[in-house]
1. Is there any pair linking a residue in region D:96-115 that is under 17 Å from D:Thr38 (Cα atoms) to one that is assigned to a loop (DSSP other than H, G, I, E, B), with Cβ under 6 Å and at least six apart or on different chains, and which?
2. Check A:Glu191 against each of (1) within 14 Å of another protein chain (Cβ to nearest Cβ); (2) without any contact (Cβ under 8 Å) to a residue 40 or more places away in the chain; (3) within 21 Å of the chain's Cα centre (by Cα) and name the one condition it does not meet.
3. Please enumerate the residues belonging to region F:30-41 that are open to solvent by less than 10 Å² (accessible area, probe 1.4 Å), within 9 Å of another protein chain (Cβ to nearest Cβ) and farther than 9 Å from E:Asn7 by Cα.
4. Considering (1) open to solvent by 10 Å² or more (accessible area, probe 1.4 Å); (2) touching a Leu at 6+ places or on another chain (Cβ under 7 Å); (3) more than 7 Å from every other protein chain (Cβ to nearest Cβ); (4) within 21 Å of D:Ser82 (Cα to Cα), say which one C:Leu122 fails and leave the rest.
5. If B:Thr54 satisfies all but one of (1) within 19 Å of B:Tyr222 (Cα to Cα); (2) under 18 Å from the mean Cα position of the chain (by Cα), what's the number of the condition it fails?
6. Go through B:Ala87, B:Ala59, B:Ala127, B:Ala123 for me and flag whichever is touching a residue at least 40 places away in the same chain (Cβ under 8 Å) and out of contact with any Cys (no Cβ under 7 Å at 6 or more places or on another chain).
7. Looking for whichever is of a type outside the set (Phe, Trp, Tyr), in contact with a Pro (Cβ under 9 Å, 6 or more places away or on another chain) and buried (at least 19 other Cβ atoms within 10 Å of the Cβ) here; the options are A:Ala204, A:Ala156, A:Ala186. Which one fits?
8. Counting only residues that are assigned to a loop (DSSP other than H, G, I, E, B) and open to solvent by less than 20 Å² (accessible area, probe 1.4 Å), which one in region B:92-119 is nearest to B:Val220 (Cα to Cα)?
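The values are calculated or read from the model by the stated rules, or taken from the named source; none is laboratory data. Here the structure is a predicted model, which is why all the values come from computation and not from measurement. Cβ placement follows ideal geometry from the backbone for every residue including glycine, while neighbour counts extend to all protein chains displayed. Remember, those area values only see protein heavy atoms, side chains included, never the ligands or the DNA or RNA. Shrake-Rupley method; radii C 1.70, N 1.55, O 1.52, S 1.80 Å.
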Protein chains: 6
Amino acid sequence: MRLDEYNWMDIEQYLQNEDRIILVLGACEQHGYLSLLTDVKIPLALADAASQRTGVITAPPLNFGISPYFLTYPGTISLRLSTFLDAVEDIVRSLYRQGFRRFLVLNGHGGNDPARGRLTELANELADLKVIWYAWWSSHSVEAVAIKHELKSSHASWIEAFPFTRVCALPEGVKTPPAYQGILGAAKTREVFGDGVFGGPYQADPAIMDEIFAAALEDVLYYLDIR
Amino acid sequence: MRLDEYNWMDIEQYLQNEDRIILVLGACEQHGYLSLLTDVKIPLALADAASQRTGVITAPPLNFGISPYFLTYPGTISLRLSTFLDAVEDIVRSLYRQGFRRFLVLNGHGGNDPARGRLTELANELADLKVIWYAWWSSHSVEAVAIKHELKSSHASWIEAFPFTRVCALPEGVKTPPAYQGILGAAKTREVFGDGVFGGPYQADPAIMDEIFAAALEDVLYYLDIR
Amino acid sequence: MRLDEYNWMDIEQYLQNEDRIILVLGACEQHGYLSLLTDVKIPLALADAASQRTGVITAPPLNFGISPYFLTYPGTISLRLSTFLDAVEDIVRSLYRQGFRRFLVLNGHGGNDPARGRLTELANELADLKVIWYAWWSSHSVEAVAIKHELKSSHASWIEAFPFTRVCALPEGVKTPPAYQGILGAAKTREVFGDGVFGGPYQADPAIMDEIFAAALEDVLYYLDIR
Amino acid sequence: MRLDEYNWMDIEQYLQNEDRIILVLGACEQHGYLSLLTDVKIPLALADAASQRTGVITAPPLNFGISPYFLTYPGTISLRLSTFLDAVEDIVRSLYRQGFRRFLVLNGHGGNDPARGRLTELANELADLKVIWYAWWSSHSVEAVAIKHELKSSHASWIEAFPFTRVCALPEGVKTPPAYQGILGAAKTREVFGDGVFGGPYQADPAIMDEIFAAALEDVLYYLDIR
Amino acid sequence: MRLDEYNWMDIEQYLQNEDRIILVLGACEQHGYLSLLTDVKIPLALADAASQRTGVITAPPLNFGISPYFLTYPGTISLRLSTFLDAVEDIVRSLYRQGFRRFLVLNGHGGNDPARGRLTELANELADLKVIWYAWWSSHSVEAVAIKHELKSSHASWIEAFPFTRVCALPEGVKTPPAYQGILGAAKTREVFGDGVFGGPYQADPAIMDEIFAAALEDVLYYLDIR
Amino acid sequence: MRLDEYNWMDIEQYLQNEDRIILVLGACEQHGYLSLLTDVKIPLALADAASQRTGVITAPPLNFGISPYFLTYPGTISLRLSTFLDAVEDIVRSLYRQGFRRFLVLNGHGGNDPARGRLTELANELADLKVIWYAWWSSHSVEAVAIKHELKSSHASWIEAFPFTRVCALPEGVKTPPAYQGILGAAKTREVFGDGVFGGPYQADPAIMDEIFAAALEDVLYYLDIR
């Protein structure tokens, strides 16, 4: 149930009985051996699954996030912090104006966190606006799965290696997380991280990936249910 | 050949012999009976077809455009003019930094035209940047097809009613374009345009739609070929 | 009847019975052999003529527009896109606050078109704001005169060569429009266009120029009359 | 010798031997009984006179300044502080790019002073940029004339009442400057200042006005002469 | 009575009977032989003294001002003009929202003057906002003390050399103010001003400094008393 | 060794052998029973201690942070996200220009985290810039102390209750963290959190506070030592 499957009359109808919508924020950035759009694909997959079960509509994803540290990796497209914040604001304002009140943000990229500040500013201005921000990889349920299987996760490692984010065969083995200090610019980031994976196993058993996805989906359904 | 099918190493390789990329700009806005994402779907379909034939990669679409006049139609998500310009700038700068030099913008939404000004400002700053802006519906080839079949086209009418933009059965018949004067705000726009179609036949023969698409695709291939 | 001929008390009086005002937008940019201020002079001349016949007041012109492509031509002064949009917004907001409601924008420069987007955003916010945007050179009436005389027009060609925009003798003959592709930066623009004229005859018969002006003026009077 | 009397080729020629230009900044704001464009008319008159004697060209005036306190007086058009600063920056950058290096700013409005800060920021960035900022009414020479004739001057009083800024008969007598404290918004400003004059004689003897103008012009010529 | 000595409950209580607050604006910039924070220290000392006598609370100082001309002097930290204006706006809006209505700005740095324009814009928007802007060094009372002792004052000279702004022994003697023209960038400023003092005696008798401080404090108390 | 104890000549000398500086970022916001400036006081105390031992200078604190959620608590002064980012950028750029290369940011407020994104953008632009961002309360060493003493910490609880942040007697006992969901605006935040403490003990044994401070200080010294 993505917005693009509907016309405006459908949405007008939808708003008669519903004021929820799912927003997908992500990034177009290097993910090691995985798809450049990994951070969009994962929350979008969660949104699709949750949408199907609940009937809550999903807005088109914002395909670009805040990724200045990866600009040395070809294919990374980063919005300036200020641009990203404005875009998120505009999306929420547009939908709020039409009657949407409860927004579940499925964020796929840690660098997008500053948007929470802008959303607070909006909450100060727009009455009855309710926004829940969900970052699947850092949820307790997902972390519990990782801990259970004794898998350390990080950017572009096994935890993001779903069937639908793979675009080539993945390396075997485990990468030792490189040591570094401080805030890295893009040149230094590439120097430090090489293939772009931040450390840990490159892949995990498909059954574990299903477990991860299921745990995240349960969270999403839980948050969708909140009044 | 969309960017999301690749990882950064693939793109690094790609840049060895190629400096072209296709950008898809569109809108998430009312299109009468058609999909809210019509303005993304059409240029993206063109990009996919052209990508396949030429091997030129397509970046993820910017799913939102400048549509302030349609904000009264539910499901319309409009970026402020300033946000949109910044986003386009950031996308081009990111890719330029990595070696992309020739950008073919496939724009699906007339309201996005102000970005041409920002792209000119960028061309003043970034050496060897070459941007071609293509708006399929207003090209001579596409207009020629419309004229040949004596079909007047406008926003959300037959000319945008491809199989892949339809989300419901379309009305028969022809809508008389409503009369209006000046720059309309969103409230007035809805008052004037009602169902959101700006006038003309709601749909056309599938063969004509194929002809339209083929004409636009030929244009795209032509522009991709320019040095 | 320009604003500068009055003091604020006059305007307070004026607003008792009138809520219209004419705004002149233009550019300070190369116009081949013509005055650098051609794009202000023409709409201002139309405004003056229309003002005189209708009593509608004309605000002082914004003497600078969006002309990044001409910055290599000395004397061109271009506002960034963002600056221009803000300036137009501020002008309209100032006057709206005092009771002006109907604005006829006489725009002399095609590059200023993005302001239409900002004006739509304003129309979403300011109740009863009515803005008509008139670009004389692209109106049907003016085009009809050109077609009648079989004259192709373009930037800085005969169609802008009024007695009051001439600052030197004009070349005889017709310039072949140079071929080019895509969005040009200022360096490339100068390389392509040389003397700055985009093509067509450099000048036309004075009687034709009068016809052009009369046609445009009639348009202006028509738009001023709209409620 | 205003820029609008020339085409770009003339300016290219001019730049062969000259890198100076006069910028006129002003305001479109209430000036009591005087013209709403008083703050443009005075520096422009000075510029014209100085231009004629020195051959230094004058750019088209920026017809709007920073006048938020007068927005309750009809006909006042105020740019936001941020807009004005950006506009001044863009004007200087455009001309600098073409070879202009020495700018004499003739400012007609005290509220525009913040632009000095932005011009300093520009001076930090643009090598060899030299900007002189001249506010005629506060120069020692002009103040000396006022003192000599024992005339206290203020906004919209006699000191701005040149033949070319008058649009109606002026009151006789002297206005007592109203008392007030602090930074006034537009509503309070009107309440305090009524007719908009800040105090002092409404007009002065024409010979004194000539003296004032001559003193200011001498200053302008002096500053134009500086290397 | 600085804000930092209280918790929010104290301030809630305070607002029951009081709507005044003192804001300290300054700069972190070269002051010759004096402390880099001279422009904060002086108004803060005045604020403390006035606070103690009146019970009016002082907000934490904004430790940075607009000082682009001094960026070549190590230790100078300058906010862009636009940043500073936004910061001042945000401070006032935050406090206004909680019930503060009367703001006494004690400004320590002349370069911060543009904030007055932004405060006027705010006064147009926020009902009953009353802001008094006080620049101690240019007040009549302080100037009177200087004149009485026949001391010319300027940036970083004796008039700012209070015991609490001294960080080393000061030179004896008097500096001749260097001659210069126009708006100086940071490189030129250092070339012209050398040690950073703009001219006049480097120090004055402690008794005079007490007189200066007392005069300024009296002003502050006067402005605090205004309804 | 705060910057304000020096003049510019001292800093010029300092830069001969040193390129490090400590920046203190914090907030002026409700901290329950603690000082409104708690988030500045703590990192500043750490900076002072570290400064004393290492000779690395501390810049004046930015006394305001990003605290939109607390604007309903009197005394909270919040900068907009965009303002804060610009201010941090300006501070770093000013000092970088003078030769500072290594910045240790001691951040006292979690809401300021978005600045990391802007600092990454700067690291992409300014060669050899090295920024370490340290948030004392979330460091492993500090958390270890809390765990050792079985104390859960949160905003405005015991962990921030140092002798120098206390402004009144603190409650005994432990606050149960209130439950809530999603991103809260300021009105909702106050409704949920009441006295402003997020949960846990209101105070801890002075010896524990010393341990906390010592652990944080050790971190700071460690980060200062990094090349």
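1. Taking only residues 6 or more apart or on different chains, the pairs are D:Gly108/D:Gly26; D:His109/D:Gly26; D:His109/D:Ala27; D:Gly111/D:Ile66; D:Gly111/D:Ser67; D:Asn112/D:Ile66.
2. Against the list (1) within 14 Å of another protein chain (Cβ to nearest Cβ); (2) without any contact (Cβ under 8 Å) to a residue 40 or more places away in the chain; (3) within 21 Å of the chain's Cα centre (by Cα), A:Glu191 comes up short only on (3).
3. Of everything in region F:30-41, those that are open to solvent by less than 10 Å² (accessible area, probe 1.4 Å), within 9 Å of another protein chain (Cβ to nearest Cβ) and farther than 9 Å from E:Asn7 by Cα turn out to be F:Thr38, F:Val40.
4. Among (1) open to solvent by 10 Å² or more (accessible area, probe 1.4 Å); (2) touching a Leu at 6+ places or on another chain (Cβ under 7 Å); (3) more than 7 Å from every other protein chain (Cβ to nearest Cβ); (4) within 21 Å of D:Ser82 (Cα to Cα), C:Leu122 violates only (1).
5. Looking at each condition in turn, B:Thr54 falls short on (2).
6. The conditions single out B:Ala59.
7. Checking each option against the conditions leaves just A:Ala186.
8. B:Gly108
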